[in-house]
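Q: Shown below is the structure under consideration.
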Amino acid sequence: MTTRIRFFGMAGYEIVGPKRRILIDPFLTGNPAAPARAGELEKPDVILVTHAAFDHLGDAPEIARRTGAPVVCGGDVKAVLLEAGIPETQIHATVWGIVVEVGGVVVRPVESRHWSQTRLKNGQYVSGVPMGFIVEPEPGIRIYHCGDTAIFGDMKLIGELYKPNVGLMGCSNGQAILRRLTMAGRLVTGEMSPREAALASEFLGLKLAVASHYLDLSDPDERRDVDEFLAAVKEFDTTGRRRAVAPAPGETIVLEPEQFAEGSA
């Protein structure tokens, strides 16, 4: 058995295990690095949305409408989906600590130190609770998607309790996305700096730390962040066995369960 993780750019992933297909933060339309269009994706067993930011919510409403796939999300994302015509019976709103099984997939929401806010068509702003997710697409492979989060000390507790061994770790920002935003000043780091994301990988006890939240590895700023993350993962690794990778958008990571068995190198 194998699990495959296809990277869409930013924080978008398609995780395909032996029995289930999981879509997380499917930002494709408006994503210059997207390797596929929303209408080309196979029906997932479940769609997970970490929070309401456009580069995470992405095409979740369209994909849910087209495929009928259920969505696990926070309350504000639920409001967006209802507004888009997704029936309530297709949505499971949850929050940290409330583990759900949807579409045959057990989904564990965990804390995210971030914010989640969006605006409905009537002009009303709605806010909700951002999340990370832990899923186990096959026995022994436990994948943590951080969503957008700052580093926090209780990542050690998440590692101790739930033992994720693969982490999709935000360490940069897509520069093409930043150029679209209107704001005073400029962003200096993403939600985690590269070194913070690497230290978080140590807190979580990961075996494989996957760089995330970028679009273009040929962009000097994004490349610098990713290279700093890859180097810092080795620096903070107390096990001597942690691997770090940085897939290009469209690339697929293949996970073999024996690589993640307890005691494996």
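The values are calculated or read from the model by the stated rules, or taken from the named source; none is laboratory data. Predicted, not measured: the structure shown is a model, and the values here were computed from it. Virtual Cβ from ideal backbone geometry, glycine too; neighbours counted across all protein chains shown.
Q: Return the pairs, sorted by first residue and then second, in which the second residue is buried (at least 23 other Cβ atoms within 10 Å of the Cβ) and acidic (D, E), the first residue lies in segment 55-74 and is without any contact (Cβ under 8 Å) to a residue 60 or more places away in the chain, the beta carbons are less than 7 Å apart, and the residues are 6+ apart or on different chains.
A: If the second residue must be buried (at least 23 other Cβ atoms within 10 Å of the Cβ) and acidic (D, E), the pairs left are G58/D25.
Q: Please find, among L181, L199, the residue that is in a loop (DSSP other than H, G, I, E, B) and on the phi < 0 side of the Ramachandran plot.
A: On the way: L199 fails: in a loop (DSSP other than H, G, I, E, B).
None of the others qualify; the one that does is L181.
Q: Looking at segment 43-90, which of its residues are among the hydroxyl-bearing types (S, T, Y) and assigned to a helix (DSSP H, G or I)?
A: Taking segment 43-90 and keeping what is among the hydroxyl-bearing types (S, T, Y), we get 50, 67, 89.
Answer for segment 43-90, where residues must be among the hydroxyl-bearing types (S, T, Y) and assigned to a helix (DSSP H, G or I): T67, T89.
Q: Provide a single number: the residues in segment 6-18 that are in contact with a Pro (Cβ under 8 Å, 6 or more places away or on another chain) and either farther than 25 Å from T149 by Cβ or touching a residue at least 40 places away in the same chain (Cβ under 8 Å) (or both). Steps first, please.
A: Narrowing segment 6-18 to residues in contact with a Pro (Cβ under 8 Å, 6 or more places away or on another chain): 6-9, 12, 14-18.
Going one step further and asking which of them are either farther than 25 Å from T149 by Cβ or touching a residue at least 40 places away in the same chain (Cβ under 8 Å) (or both), we end up with 6-9, 12, 15-18.
The qualifying residues number 9.
Q: Would you confirm whether any residue within segment 156-178 is crowded, with 20+ Cβ neighbours inside 10 Å, assigned to a loop (DSSP other than H, G, I, E, B), without any contact (Cβ under 8 Å) to a residue 60 or more places away in the chain and hydrophobic (A, V, I, L, M, F, W, C)?
A: Yes, segment 156-178 has at least one match.
Q: Could you give every pair whose Cβ atoms fall below 8 Å, whose first residue belongs to segment 180-201 and is under 18 Å from G159 (Cα atoms) and in contact (Cβ under 8 Å) with a residue 12 or more places away in the chain, and whose second residue is of a type in the set (V, I, T) and part of a helix (DSSP H, G or I), counting only separations of at least 6 or pairs across chains?
A: A198/V233; S201/V233
Q: While we're on this one: Are any of the residues in segment 254-263 outside any loop (DSSP other than H, G, I, E, B) and at pLDDT 95 or above?
A: Checked segment 254-263: at least one residue is outside any loop (DSSP other than H, G, I, E, B) and at pLDDT 95 or above.
Q: Further question on the same structure: Filter segment 91-106 down to the residues that are crowded, with 16+ Cβ neighbours inside 10 Å and either of a type outside the set (V, I, T) or touching an Asp or Glu at 6+ places or on another chain (Cβ under 7 Å) (or both) and list them by number.
A: Once the filter is applied, which keeps residues that are crowded, with 16+ Cβ neighbours inside 10 Å and either of a type outside the set (V, I, T) or touching an Asp or Glu at 6+ places or on another chain (Cβ under 7 Å) (or both), segment 91-106 yields H92, A93, G103, V105.
Q: Scan segment 65-81 and give yes if some residue there is under 25 Å from E196 (Cα atoms) and touching a helix residue (DSSP H, G or I) at 6+ places or on another chain (Cβ under 9 Å), otherwise no.
A: First, pick out the residues of segment 65-81 that are under 25 Å from E196 (Cα atoms): none.
No: segment 65-81 contains no residue that is under 25 Å from E196 (Cα atoms) and touching a helix residue (DSSP H, G or I) at 6+ places or on another chain (Cβ under 9 Å).
Q: Still on this structure: Take segment 173-197 and flag every residue that is among the polar types (S, T, N, Q) and farther than 14 Å from A231 by Cβ. First the steps, then the outcome.
A: We begin by selecting, within segment 173-197, every residue among the polar types (S, T, N, Q); these are 173, 175, 182, 189, 193.
Answer for segment 173-197, where residues must be among the polar types (S, T, N, Q) and farther than 14 Å from A231 by Cβ: N173, Q175, T182, T189.
Q: Now for a separate question. Please tell me if R186 is part of a loop (DSSP other than H, G, I, E, B) and over 20 Å from the mean Cα position of the chain (by Cα). Break it down into steps so the answer makes sense when it comes.
A: On the way: part of a loop (DSSP other than H, G, I, E, B): yes; over 20 Å from the mean Cα position of the chain (by Cα): yes.
Yes: the conditions hold for R186.
Q: Still on this model: If a residue must be of a type in the set (D, E), more than 21 Å from D154 (Cβ to Cβ) and crowded, with 16+ Cβ neighbours inside 10 Å, how many such residues does segment 202-226 contain? Reasoning before the result, please.
A: Here is the first cut: in segment 202-226, the residues of a type in the set (D, E) are 202, 216, 219, 221-222, 225.
Narrowing the set further to residues that are more than 21 Å from D154 (Cβ to Cβ) leaves 216, 219, 221-222, 225.
Restricting the remaining residues to those that are crowded, with 16+ Cβ neighbours inside 10 Å gives 216, 219, 222, 225.
Adding up the residues that qualify gives 4.
Q: If you scan segment 91-112, which residues turn out to be assigned to a loop (DSSP other than H, G, I, E, B) and either in contact with a Leu (Cβ under 9 Å, 6 or more places away or on another chain) or touching a residue at least 60 places away in the same chain (Cβ under 8 Å) (or both)? Spell out the reasoning first.
A: Within segment 91-112, the subset assigned to a loop (DSSP other than H, G, I, E, B) is 94-99, 103-104, 112.
If the condition is that a residue be assigned to a loop (DSSP other than H, G, I, E, B) and either in contact with a Leu (Cβ under 9 Å, 6 or more places away or on another chain) or touching a residue at least 60 places away in the same chain (Cβ under 8 Å) (or both), then G103, G104, S112 are the ones that fit.
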